[in-house]
Amino acid sequence: MPAQIIDGRALSKKIRQRITEESSVLKEKGIIPGLAVILIGDDPASHTYVNNKKKACEECGFYSEIYKLPESTPEADVLELIEVLKSRKEINGILVQSPFPKHISEKKILLAIPPEKDVDAFHPQNVGAIVAGDFDFVPCTPAGVMEMLNEYNIEVSGKHAVVIGRSNIVGKPMSILLLHKHATVTICHSRTKYLADITRQADILVAAVGRLGFVTADMVKPGAVVIDVGMNRKEDGKLAGDVDFNGVSEIAAYITPVPGGVGLMTVAMLLQNTLRAACIQNNIVL
Ligand code: GUN
């Protein structure tokens, strides 16, 4: 039987509707959640993501400011902009889209964003809080994956979860969130030996590799849950994931499509974090 599709479009819509309702409750109290997004350079994918974030903010009744800065912008100018944004009350969340140009220190930028406005949850204080299991913000992509598992009543406790990829944005926090839900977690990466032997043991397989069609059917255990975090462009310009969808959906129990999967959840979770930031900063419990 072909795998059940985990529908990121439907779930993200449901979450955005809830956020829109909560945002209107805040509005009655005179508060509009505000997000500032900084994008440095010309990366076309980043421009698409940032435009999607802006549109999503508008649809939920949030206030947003988008700063599109040239590739050559000095690091000091970005830090100065963050300094201004951080003291503005109407800005509850600040995000700098990655990847950054080479001359800009990611570490300096992440440290400049105050933890309470760090809606990406990339600041070391927030990373530490996530590891410790007591946090306000969760990185958006792993948070979106956990929402998907929850929505489809997929049991995580006691399961073997295999995450392919060890990035700070996805692989590492994803592994920690699965661990908090009592999975037994294996993290695989580019130096992992006998990768397919490990992935074939996965009850839940998360692919965050960044390589088109990397996970093939022979790497998947029959009945597994397969989550595709990849966002790759095919030769024809169309978006596709890290998982060979046609092959893997023949043997998995559940699978996320690309597009229409995790990517949409990432945006929904950013809105959720921004709403949470606005509530915390204004001492409001919804
Ligand atoms: N680039 C790719 N994903 C993300 C994300 O979740 N946040 C930021 N800031 N940059 C990204």
Rounded to 5, the percent of DSSP beta bridges in the chain classed as antiparallel
5 percent
Got a sec? Charge dipole of the chain, +1 on Cβ for Lys and Arg, -1 for Asp and Glu; which of I227, G237, V119 is way out at the positive end?
I227
So which trypsin sites (Lys or Arg not before Pro) in the stretch 28-95 pass both tests, a DSSP loop state and at most 14 other Cβ atoms within 10 Å of the Cβ?
K29, R88, K89
Relative contact order of the chain, pairs being alpha-carbon contacts under 8 Å that are 6 or more residues apart, as %
23 percent
Choose one answer from V262, V96, V243: the residue with the largest mean-square fluctuation in a GNM of the chain with alpha-carbon springs under 10 Å.
V96
I'd like the Karplus ³J(HN,Hα) series for the stretch 50-59: coefficients 6.51, -1.76, 1.60, θ = phi - 60°, whole numbers in Hz, and an x wherever there's a Gly or Pro.
5, 4, 5, 5, 5, 4, 5, 4, 4, 5
Could you tell me the extents of the chain's C-alpha atoms along the three principal axes, largest first, rounded to whole Å?
52, 42, 38
With a probe of 1.4 Å, find how much accessible area the chain has per residue, and write the answer as a whole number in Å².
48 Å²
Counting only backbone N atoms under 16 Å from a point 7 Å out along Cα-to-Cβ of N153, the residues of the stretch 227-266 in range are 254
Compute the semi-axes of the equivalent ellipsoid of the stretch 3-150, taking the square root of 5 times each eigenvalue of the Cα gyration tensor, and list them largest first in whole Å.
25, 19, 17
Of all trypsin sites (Lys or Arg not before Pro) in the stretch 179-286, the ones in DSSP coil with at most 11 other Cβ atoms within 10 Å are R191, K193, K234, K238
Springs between alpha-carbon atoms under 10 Å, Gaussian network over the chain: tell me which of M265, M174, M219 tops the mean-square fluctuations.
M219
Over all directions, the average projected area of the alpha-carbon convex hull for the stretch 156-224 comes to how many nm²?
4.4 nm²
Portion, in percent, of the accessible area of the chain that falls on carbon or sulfur, probe 1.4 Å
53 percent
What chymotrypsin sites (Phe, Trp or Tyr not before Pro) does the stretch 107-203 have in DSSP loop regions with at most 11 other beta carbons within 10 Å?
Y194
Using the Cα centre as the reference, give the magnitude of the dipole from point charges on the C-beta atoms of the chain (Lys, Arg: +1; Asp, Glu: -1; all else neutral), rounded to the nearest 20 debye.
180 debye
Taking all protein chains together and a probe of 1.4 Å, list D43, D134 from the most accessible to the least accessible.
D134, D43
Given a Förster distance of 51 Å, report the FRET efficiency between V84 and T184 from their Cβ-Cβ distance, rounded to the nearest 0.05.
0.65
Over the stretch 91-152, what is the relative contact order in percent, taking alpha-carbon pairs closer than 8 angstrom and at least six residues apart?
26 percent
Pairwise label distance in nanometres, S72 with N246, each label 7 Å out on the Cα-Cβ vector:
4.7 nm
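The values are calculated or read from the model by the stated rules, or taken from the named source; none is laboratory data. All values derive from a computational prediction rather than experimental measurement. Virtual Cβ from ideal backbone geometry, glycine too; neighbours counted across all protein chains shown. What goes into the accessible areas is simple: the full protein's heavy atoms, side chains included, and nothing from ligands, DNA or RNA. Shrake-Rupley method; radii C 1.70, N 1.55, O 1.52, S 1.80 Å.
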